[in-house]
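Working notes, structure below.
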Amino acid sequence: MAELGKFASRAEQLDKRDPLSSVRSEFILSEQEIYLDGNSLGPVTGRTLECVQQTVQQEWAKGLIRSWNEHWIRLPQETGSKIAPLVGAASENIICADSVSINIFKLLAASIQASPDRTNIVSIEGMFPTDLYMAEGLQQLVGSNRCQLKVVPLENLERALSNNANTLLMSQVNFRSGEAYSVEAFTALAHQYGARILWDLSHSVGVLPIDLEQNKVDFAVGCGYKFLNGGPGAPAFLYVSPELQTKLSQPLSGWMGHRDPFQFNPTYDPAVGMDHYLTGTQGILGLSALSAALEVWESIKLKDVYKKAQSLTALFIDAIGDDFNVIKPEQRGSQVSIAHDRAFPISQALIDEGIICDFRAPNLIRFGFAPLYIRYQDVVTTVEQLNNIVQTRRYEHPKYQITNTVT
Ligand SMILES: *Cc1c(COP(=O)(O)O)cnc(C)c1O
């Protein structure tokens, strides 16, 4: 096992010079724990707690139905405009609504309907399953003569794109390996073959620089509850390029996507712009939590966040050394995974020590390093505990073998 002393002093120096060090105090975190699951469920900020309380106690309890006009009806647009600068989009091109899965369905269906001569939705192996499940569901609904999902190994991507491709469906960061893919390169590749691209930014928004408009991305979706800290089941967001917004028609044509919902017309007439991509009434408690969580970004430079993400993960990889099978993609997001035969019980023993990581079947321990509140010293402590648990074989205890529904 590597000597950790020199990494501890490197961490101390890095913490001292960290331009984001004061942001940690915005979050409600236990000093007895190191939270390395911000890539799965971000923690709550003090501001969020206050804001949700305000929404319930004032806006709902006192304002009642009047609060729709006073506070709530534009919340999907207003929350979207807070996400816009994080993904390089103009505020009117993003809206917050529904879940990532549902937004993927809306966008893929709209894209298939708009170009019926191109039937294939292309993706590469290893993408997040729900994204692929939604494409499968669409294929079943419209029939495989109109829509087919093609999942191929990365090396066969060009061949798949050259064959009737409608949309390339990509995650910017692979949820298992942490590998990051170039938005610029894959978008250009899809366009070269006349296909559109849908980026899933769930594991990258809030840690990687993203420039949707500069790269002429067609569609994007992303998660509100991971690095954006919007809370369990927070609403997701979606982006549609300005050229496509009016050209396409999404099939979940609920009243909130109508041009004038409160005229209660018997037939659907789509709203202009992103409003059309809404379906029904949104969960206001969830939206207000996400909206409050996004306030933390007002004083932060994304460049600093990206730099810290890369240097936290680099410190982790260096400090772990060669004793573990660390997955090291060429480009990475803000997470690192270790492959180990006993990944599950080791992850449970780490959690027992207050190091909250997670397990992804069949053999990965994932560590998410959220730059807004993880310190460099936390990285070294994690490596120390991991070494200790493996050396002492503490993970063999029967209590660490018990599995649960959510991992
Ligand atoms: C977390 C995540 C989702 C979550 O989808 P929901 O429908 O919002 O539950 C989807 N795709 C990716 C890539 C994710 O990381």
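The values are calculated or read from the model by the stated rules, or taken from the named source; none is laboratory data. Quantities reported herein were computed from a predicted structural model and do not represent experimental measurements. Backbone-built Cβ (ideal geometry, glycine too); neighbour counts: all protein chains shown. Surface accessibility is based on the protein's heavy atoms, side chains included, excluding ligands, DNA and RNA. Shrake-Rupley method; radii C 1.70, N 1.55, O 1.52, S 1.80 Å.
So, in segment 330-342, how many residues would count as being in contact with a Gly (Cβ under 8 Å, 6 or more places away or on another chain), closer than 20 Å to Thr407 by Cα and in a strand (DSSP E or B)? Result for segment 330-342: 3. Taking segment 78-100 as the range and being open to solvent by 30 Å² or more (accessible area, probe 1.4 Å) and in a helix (DSSP H, G or I) as the test, the residues that pass are Glu78, Ser81, Lys82, Pro85, Ser91, Glu92. Scan segment 255-264 residue by residue and report those that are loosely packed, with under 12 Cβ neighbours inside 10 Å and in a loop (DSSP other than H, G, I, E, B). Listed by number, the residues that qualify are Asp260, Phe264. Does Leu228 fit the bill of being part of a loop (DSSP other than H, G, I, E, B), of a type in the set (A, V, I, L, M) and in contact with a Leu (Cβ under 7 Å, 6 or more places away or on another chain)? So Leu228 passes the test. When the residues of segment 1-26 are filtered to those that are among the aliphatic types (A, V, I, L, M) and in a helix (DSSP H, G or I), the one that is farthest from Asn325 (Cα to Cα) is Val23.
Every residue, every condition in (1) part of a helix (DSSP H, G or I); (2) farther than 20 Å from Asn363 by Cα; (3) at pLDDT below 95, yes or no:
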{"position": "Tyr268", "(1), (2), (3)": "no, yes, no"}
{"position": "Ala289", "(1), (2), (3)": "yes, yes, no"}
{"position": "Ala292", "(1), (2), (3)": "yes, yes, no"}
{"position": "Lys303", "(1), (2), (3)": "yes, yes, no"}
{"position": "Lys308", "(1), (2), (3)": "yes, yes, no"}
{"position": "Ser311", "(1), (2), (3)": "yes, yes, no"}
{"position": "Gly321", "(1), (2), (3)": "yes, no, yes"}
{"position": "Lys328", "(1), (2), (3)": "no, no, no"}
{"position": "Phe344", "(1), (2), (3)": "yes, no, no"}
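Conditions (1) of a type outside the set (Val, Ile, Thr); (2) touching a His at 6+ places or on another chain (Cβ under 6 Å); (3) on the phi > 0 side of the Ramachandran plot, marked per residue:
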| position | (1), (2), (3) |
| --- | --- |
| Ile112 | no, no, no |
| Asp117 | yes, no, no |
| Gly126 | yes, no, yes |
| Tyr133 | yes, no, no |
| Val142 | no, no, no |
| Glu158 | yes, no, no |
| Asn164 | yes, no, yes |
| Thr167 | no, no, no |
| Ser171 | yes, no, no |
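Among the residues of segment 27-50, is any touching a strand residue (DSSP E or B) at 6+ places or on another chain (Cβ under 9 Å), open to solvent by 60 Å² or more (accessible area, probe 1.4 Å), in a helix (DSSP H, G or I) and farther than 27 Å from Ser337 by Cβ? No: zero hits.
Checking Arg342, Arg375, Arg394 one by one, the residue that is among the basic types (Lys, Arg) and either under 18 Å from Ser40 (Cα atoms) or in contact (Cβ under 8 Å) with a residue 60 or more places away in the chain (or both) is Arg375 and no other.
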